[in-house]
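Please treat every number below as a calculation from the coordinates, not as lab data. All values derive from a computational prediction rather than experimental measurement. Here Cβ is always computed from backbone atoms with ideal geometry, including for glycine, and neighbour counts include all displayed protein chains.
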Amino acid sequence: TRVLNPISILNFFNDSYFKEYWNFSAHSYVFLKNTMAANPLPILKTGLQGYSERDLSLISVGHLATVPLLFHTGYLTIDKIVKVDGKDQYFFKVPNFELKDSYYNILQECLYIKNSVTEASELNQALRERDSELLTDIINVLFNRIPYDHYKKNEYLKESFFHMALLCYCSGLLSDTRAEEVGSKGKSDLILITAGGPPAFMEIKYAKSPGRTGLAKTLDKLVEQAFRAIKEKKYGERYKLPGQDIVPIGLGVIGQGEVKAVFGDPAKSTV
């Protein structure tokens, strides 16, 4: 259940106006932004990765691990505790949607991502019309915004880095964006949901360089691998309704953001 912070509820009754009242203070915002910028990926994976009591205790002035820091300061809460080999593993969640929005805002700032009404319209159009060329152009623009120095210094320059950038970008433009939902045969990369439209399942495949086959052929190969994963792992089974398509999207990424996005044929991609 998505809930507001209690302080926001009290302010709502006082002001008779619904908005996000509660947020990071100026000092904590800067501190958390700097910490998350150095190691942003765990925030997007808090519901997937288990942490032991020892993991959560490894925090000091010289070692500020992102998830333990946010847990001890109250910005994450325990979702469940699972026994693994006789030991407790802690899984976390963001306690309310105000914090979730704040996290995404911080991550967007870290990646120099800016959303606009025009971009929201274009992205929704690309998904609605299943326009591969338009979607490729949109993603190219997004990746080209990220400065070279950020690419050069970022230790996460691999598939998960681009996954994170797309998640932050799409979360501000679409009705709903979900990451790495766990199914019976694997985890889907991104689920993109537009108002009134069928869910689109995007699978991202990454290569550091095009190799001997060249840029175009390598991108085609990555897209094929993405479609194969969507089909074999049946990511969309839980979303499939009678008479409704599940839209597959294969995204190939090479190096620092050479991309190709392709909409698959739902009839040929049994997801």
Taking 0.36 nm per residue of separation between Ile81 and Ala120 and subtracting their Cα-Cα distance, the length gained on full extension comes to 10.2 nm
Which value in nm describes the separation of the simple spin-label points at Ser52 and Leu215, placed 7 Å from the Cα toward the beta carbon? 4.6
Based on the Cβ-Cβ distance from Lys185 to Ile59, what FRET efficiency comes out when R0 is 35 Å, to the nearest 0.05? 0.45
At Asp88 and Phe31, where each label point lies 7 Å from the Cα along Cα→Cβ, what is the point-to-point distance in nanometres? 2.6
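How charged is the neighbourhood of Arg130? Take every other residue with its Cβ under 12 Å from the Cβ of Arg130, and add Lys/Arg as +1 and Asp/Glu as -1.
Residues near Arg130 contribute -4 overall.
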